[in-house]
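The values are calculated or read from the model by the stated rules, or taken from the named source; none is laboratory data. Keep in mind the model is a prediction, meaning the values are calculated, not measured. Backbone-built Cβ (ideal geometry, glycine too); neighbour counts: all protein chains shown.
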Amino acid sequence: MKPFDYVRPATVAEAVAAAAQPGAVYLAAGTNLLDLMKGNVSRPDRLVDVTHLGGLDRIEHLADGALRIGALVRNADLAHDPEFASAYPAIAEALLSGASAQLRNTATVGGNLLQRTRCAYFYDTASRCNKREAGSGCDARDGENRSHAVLGWSDSCIATHPSDFCVPLVALDAVVEIEGGNGRREIALDELHRLPGDTPERDTTLEPGDLIVAVRLPPAARGFAAHARYLKVRERTSYAFAVVSAAAALLIENGKIKQARLGLGGVAAKPWRARAAEDVLKDVAPTADAFQEAAWRALSDAKPSGDNAFKIELARRIVVRALTLAAAGTPARMPALPASPFASTSGALHA
Amino acid sequence: MNHSISLTVNGARRDFVLDDPRVTLLDLLRERLHLTGTKKGCDRGQCGACTILVDGKRINSCLALAISHDGADILTIEGVAHGDQLHPVQAALIAHDGFQCGFCTPGHIMSAIGMMREGQAGNDPERVRECMSGNLCRCGAYAGIVDAVLEAQAGMDESNQRRSA
């Protein structure tokens with residue numbers, strides 16, 4: 001690991017100033033950053049430790065019905081907050097399907113959003129990678145790429161965003177609150193992560209020094225609590241990243257879907273909001289035919305980036321299954337194997 | 001630049017001067033305090049052999065910078081037994097042959113203690129397996145480990161009932 005300077009700012013303003021310098025990065029729990037630094041994938045000159053900043057570790061219920069989650073709230077604390085889990089069950093399920101209990105105990109909300117891809121060529125410093133080193137090339141294109149992107153990829157980069165948490169968040173219109181050199185601003189989570197285009201070295205739209213201070217769920221997000229699921233196919237049942245995942249949330253009234261929300265994970269460089277599929281489901285009955293049509297729409301622009309055409313069909317089936325599970329109703333208790341299609345309590349539904 | 005930190009390790013306050021901020025909690029425990037029960041397996045947060053409790057919660061000590069944990073209260077495998085009296089998880093692992101080579105065992109014990117405190121798994125073997133998935137055992141002693149954790153959990157439930165009766 002390359003040597004670095006360590007800075008522990010006392011205020012958000014001090015943190016933003018310290019991190020605006022070239023070569024500086026924020027340190028939260030470090031569960032991804034330290035791993036990258038040990039592998040020489042990330043080589044920062046300065047770590048700005050934000051874990052001691054006050055006021056960023058709270059879950060706040062706002063007067064308008066929104067929920068504000070501080071950037072330093074730990075993944076496990078959020079997922080196990082009983083009120084949070086009952087109001088936003090798909091988010092809790094996604095959190096508990098990610099990483100391990102040890103990592104969830106320390107990994108933060110803000111850090112989860114900013115974790116890097118797990119593309120093996122990004123991690124392997126002997127490989128060419130446009131994300132790690134701009135303009136160097138992409139060895140994933142002709143390499144082992146069965147887990148890579150099928151939506152939104154470019155010739156420069158076919159990596160996927162690894163977060164589970166972000167998938168239901170983007171489906172539920174989460175907003176990211178940012179403190180930067182010019183004060184506070186906010187953007188939709190959907191606008192935080194970038195598609196690669198010709199500049200895959202930039203994961204997000206953040207500017208140097210920008211600090212995510214909170215994630216906010218708008219009042220409407222809790223309206224889906226009765227019919228919300230996260231479903232995730234991975235290479236092993238626990239402690240693995242998604243091959244494909246989906247967050248489905250339905251607002252059902254009088255036998256019809258009043259509103260649908262659908263997000264996909266493991267398919268693109270950003271958590272993927274499937275709005276065309278949501279439109280298909282508006283004001284129709286929650287039937288298998290409707291879910292099939294939605295799944296078709298969700299993947300209509302998908303194309304393989306290598307040896308991964310199977311992910312397109314897999315994603316369609318995961319969408320149908322996630323919608324079917326959501327329509328059946330949020331389980332009273334978190335499944336023993338969160339988000340697993342192999343969970344004994346999942347209803348054993350087949351798409 | 002030197003950085004001073006203090007930690008409580010297994011009940012005792014320890015002060016350190018770090019001449020390099022790269023030191024992880026894992027390396028601090030092993031190299032500076034010679035508490036080598038906490039194991040370095042992958043050193044990348046994948047195997048769980050380095051699991052310790054920080055402020056009562058289980059974490060991977062290999063992915064935690066010591067300098068960022070100034071003031072933390074740490075429990076390692078060396079601090080779980082009371083003299084010759086083993087922690088119930090330790091005793092149960094022996095009773096159920098929950099290990100072979102033993103390298104992953106301190107991490108499993110710390111993880112199980114953390115898991116029981118979290119209170120999410122209860123007596124459900126499937127939930128125990130899920131909640132312990134951050135600890136790998138390459139000898140494959142998982143069946144014995146799960147049985148041991150369930151027995152320790154049952155013992156804790158019983159003693160809690162006795163206490164409240």
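Across region A:42-63, what is the total count of residues that are more than 14 Å from every other protein chain (Cβ to nearest Cβ) and under 15 Å from A:Ile212 (Cβ atoms)?
Matching residues across region A:42-63 total 3.
Just checking, how many residues over region B:31-49 are under 19 Å from B:Phe16 (Cβ atoms) and out of contact with any Pro (no Cβ under 9 Å at 6 or more places or on another chain)?
Matching residues across region B:31-49 total 7.
Would a scan of region A:335-346 turn up a residue that is loosely packed, with under 15 Cβ neighbours inside 10 Å, farther than 30 Å from B:Gly134 by Cβ and out of contact with any Asp or Glu (no Cβ under 8 Å at 6 or more places or on another chain)?
Looking only at region A:335-346, we keep the residues that are loosely packed, with under 15 Cβ neighbours inside 10 Å, and these are A:342, A:344-345.
Then drop every residue that is not farther than 30 Å from B:Gly134 by Cβ, which leaves none.
No, region A:335-346 contains no residue that is loosely packed, with under 15 Cβ neighbours inside 10 Å, farther than 30 Å from B:Gly134 by Cβ and out of contact with any Asp or Glu (no Cβ under 8 Å at 6 or more places or on another chain).
So, in region A:72-95, how many residues would count as being closer than 18 Å to A:Leu172 by Cα and either in contact (Cβ under 8 Å) with a residue 40 or more places away in the chain or in a strand (DSSP E or B) (or both)?
As a first pass, look at region A:72-95 and keep what is closer than 18 Å to A:Leu172 by Cα: A:75, A:78-79, A:83-95.
From what's left, either in contact (Cβ under 8 Å) with a residue 40 or more places away in the chain or in a strand (DSSP E or B) (or both): A:75, A:85-95.
Counting residues in region A:72-95 that are closer than 18 Å to A:Leu172 by Cα and either in contact (Cβ under 8 Å) with a residue 40 or more places away in the chain or in a strand (DSSP E or B) (or both) gives 12.
Which one of these is within 11 Å of chain B (Cβ to nearest Cβ), closer than 24 Å to B:Arg22 by Cβ and either surrounded by fewer than 22 Cβ atoms within 10 Å (Cβ to Cβ) or modelled with pLDDT under 95 (or both): A:Gly30, A:Gly23, A:Gly39? Walk me through it before giving the result.
Details: A:Gly30 fails: either surrounded by fewer than 22 Cβ atoms within 10 Å (Cβ to Cβ) or modelled with pLDDT under 95 (or both); A:Gly23 fails: within 11 Å of chain B (Cβ to nearest Cβ).
Only one candidate qualifies: A:Gly39.
Quick one: is A:Arg297 surrounded by 14 or more Cβ atoms within 10 Å (Cβ to Cβ), in a helix (DSSP H, G or I), outside the structural domain of A:Ile91 (by TED's automatic domain parsing) and charged (D, E, K, R)? Give the derivation first.
Numbers: surrounded by 14 or more Cβ atoms within 10 Å (Cβ to Cβ): yes; in a helix (DSSP H, G or I): yes; outside the structural domain of A:Ile91 (by TED's automatic domain parsing): yes; charged (D, E, K, R): yes.
Judged against the criteria, A:Arg297 is a match.
Looking at B:Ile67, B:Ile59, can you tell me which residue is without any contact (Cβ under 8 Å) to a residue 40 or more places away in the chain, of a type in the set (Val, Ile, Thr) and surrounded by 23 or more Cβ atoms within 10 Å (Cβ to Cβ)?
Details: B:Ile67 fails: without any contact (Cβ under 8 Å) to a residue 40 or more places away in the chain.
The unique qualifying residue is B:Ile59.
Quick check on region B:112-164: of everything there that is of a type in the set (Lys, Arg) and within 14 Å of chain A (Cβ to nearest Cβ), which residue is nearest to A:His80 (Cα to Cα)?
Step by step, filter region B:112-164, then rank; the result is B:Arg117.
I'd like to verify a number: residues in region A:5-17 that are within 10 Å of A:Val48 (Cα to Cα) and within 14 Å of chain B (Cβ to nearest Cβ), how many?
The qualifying residues number 6.
Count, please, the residues in region B:28-43 that happen to be within 13 Å of chain A (Cβ to nearest Cβ) and either in contact with a Cys (Cβ under 7 Å, 6 or more places away or on another chain) or surrounded by 17 or more Cβ atoms within 10 Å (Cβ to Cβ) (or both).
The first filter runs over region B:28-43 and keeps only residues within 13 Å of chain A (Cβ to nearest Cβ), leaving B:38, B:40-43.
In the following step, the residues that additionally are either in contact with a Cys (Cβ under 7 Å, 6 or more places away or on another chain) or surrounded by 17 or more Cβ atoms within 10 Å (Cβ to Cβ) (or both) were identified as B:38, B:40-41, B:43.
Qualifying residue count for the region: 4.
Quick check, is B:Cys101 touching a residue at least 12 places away in the same chain (Cβ under 8 Å), loosely packed, with under 15 Cβ neighbours inside 10 Å and part of a loop (DSSP other than H, G, I, E, B)?
Numbers: touching a residue at least 12 places away in the same chain (Cβ under 8 Å): yes; loosely packed, with under 15 Cβ neighbours inside 10 Å: yes; part of a loop (DSSP other than H, G, I, E, B): yes.
Yes; evaluated as a whole, the condition is true for this residue.
So A:Met334 passes all but one of these: (1) part of a loop (DSSP other than H, G, I, E, B); (2) away from chain B (no Cβ under 14 Å). Which condition number does it fail?
Only one criterion is unmet by A:Met334, namely (2).
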